[in-house]
Structure formats: C-alpha cells, structure tokens
Ligand SMILES: Nc1ncnc2c1ncn2[C@@H]1O[C@H](COP(=O)(O)OP(=O)(O)OP(=O)(O)O)[C@@H](O)[C@H]1O
C-alpha cells in the first residue's frame, strides 16, 4: 500500500482520514524520487526569460511547499504562462535556477523528462481522447503514466486495484455514472474534469492548472472549486486563474501570489492581496 502525503503530520505517516474521503485507491502517495527534505517541491530563483530583449519574467522568485495549493493571479501579460512554460521545460530561462525538489534541475531536462519526473500540466483547452469512453481515457492515462507503449496499454488487462483506482477517480471528478460515455460527448466542464482526472491517474508530484474554470458555467466552476478543495494537502498544486471568486474559494487561508511584469508583486492570504493597494492598482481595481 502506498503512503499518503499529509502536510499536517510527519511526512511518512499514513493519514487514514484522507483515505476515507473517496476510497483507498485514489490517495496521493508521498513524493517519490523527488528530494523534498527541505519541504519544497518547487524552487524558482531569479528566473529571467527574455524575448528579443523584452523580459517576460524578470528575476522571478517563487517556491511551493509539498502539499500546498498555490494560486497565481495577475494581469494579462504578467508572465504566468511563461512561468509554467519554464517549469515544464517548454521555455528555457536566460538566467536563474528552477529546481523540482532539492536536486532536479528543470532547466536541464526536456519537456518529456519533466513530465515523467512528475510534473503534470493542464492547459486551458481540454485535451481528451474524444473517441474513447471516460473510463478508457482514465485507463489510458494511468497506463501511459507507467511508460507502457500504446499497444501494451490497449491490450494489457486491468488489475482489480487499478479498476478501484479508476472508480475512485471517477467519483472524485464527478463523472461516475458517465464512465461509458464517449469523452467527445461531455460538456466543456466535464472534459476539464476528465483531463484533471487523467493527470491525477499519472500520480504527479506537482500539478499545474492553467485557468481551469475558463469557459465553465457557474455551477461547473463551483464544482471545480469543490474538487480542488478535495485535492488540498494530497497534491502539490499551482493554479493560475483570473476568476477571483473561484480563487477565493480554493485559496482559503493559503498563499496567493500576484505576478506583475514578470516578477512577484505581492504574496499573502487572499484577503491580504485583495487589500494591497499595488494589487488593486495593477489588477483588481481594473
Ligand atoms: N514567445 C513569445 N515571444 C514574444 N513575447 C512573448 C512570448 N511569449 C510570451 N510573450 C510575452 O511575454 C509576456 C508574458 O506573457 P504570458 O503569456 O506569460 O502572460 P500571462 O500572465 O500568462 O498572461 P494571460 O493572463 O493573458 O494569459 C507578454 O507580454 C507576452 O506578450
């Protein structure tokens, strides 16, 4: 049985209360292969990204603790997507360091290696296998996370533990009852949840979500907030979002970072950044 990470307890203790949330099969394992002995899953230090002399990121410093749910806000062009691009190896910084845990230098790895090291990213637009059922999408994601080839993936049988894991994920992403539906027939919000589920099946150590509620109805947004609140403490998550109501729902008492012109303008609890004159001036007051 894998161990679950629980930030409130010594890191290698199993937290049965978390298990109870939605079954034993879907439960976050303690980061493996990533050295988090100092408590952080991600360290960005003095990151600069220049595009023809324009600094999309300018001496950016940010770190995320294991099990933290960090919200990143900021005006258009602040550098939020560029930061995610640096973390996932899509863009190389011209200066600075980016570490996954203590020892994995993200600036030296390919996008593929970073994904397999345990950083999962969800882009704004959902990308699911539309011709496959919801269940098959989760199954494929789980097996591909184990680096099986597509051929092996399609033909290998599921163990009962794997079926349980998919069932638990279906409940978590609110798609139980829809498992036999083709993914292409789901609503926009359901596709977003399915893609989050697919990432979770790969057991990422760090999950990056880029505007997860863009284009969702109010009801879907509220359900997405519930979903993320259920993931709190079980995963390390970074969420970039412009929907402030949603950010307030998921940030709770945690830290919100405000980016502006490629640097951190402010960081603190949602209530603190909302009251910060500089943040009101460049973003919230607009
Ligand atoms: N490939 C590129 N070439 C040139 N400039 C770029 C490139 N990518 C991003 N930029 C610029 O860098 C700045 C930061 O862009 P980025 O997309 O990271 O901002 P953002 O905070 O994600 O904005 P939004 O909220 O609109 O998504 C912007 O001014 C953008 O035009």
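The label point for residue 144 and the one for residue 230, both projected 7 Å from the Cα toward the Cβ, are 2.3 nm apart.
Find how much the distance from residue 124 to residue 158 grows on full extension, using 0.36 nm per residue of separation minus their present alpha carbon separation; answer in nm with one decimal. Here the segment from residue 124 to residue 158 would lengthen by 9.2 nm.
Exposure proxy check: 82, 48, 224 ranked by fewest other beta carbons within 10 Å? By the 10 Å Cβ count, ascending: 48, 82, 224. Between residue 261 and residue 180, what is 0.36 nm times their sequence separation minus the Cα-Cα distance? Round to one decimal in nm. Residue separation times 0.36 nm, minus the Cα-Cα distance, leaves 24.6 nm. Backbone N atoms of segment 256-279 closer than 14 Å to the 7 Å Cα→Cβ label point of residue 95 belong to residues 263.
For segment 16-284, what percent of Cα pairs sit more than 24 Å apart? The calculated P(r) of segment 16-284 puts 49 percent of pairs beyond 24 Å. Extension gain for residue 54-residue 219 works out to 55.4 nm (0.36 nm per residue, less the C-alpha to C-alpha distance).
The calculated FRET efficiency for the pair residue 252 and residue 131, based on their C-beta separation and a Förster distance of 35 Å, comes to about 0.35.
Any read-out appearing in this document is the output of simple, stated calculations on the displayed coordinates, not a laboratory observation. What you are looking at is a predicted structure, and each value in this text was computed from that prediction instead of being measured. FYI the Cβ positions are ideal-geometry reconstructions off the backbone, even for glycines, and counts take in every protein chain you see.
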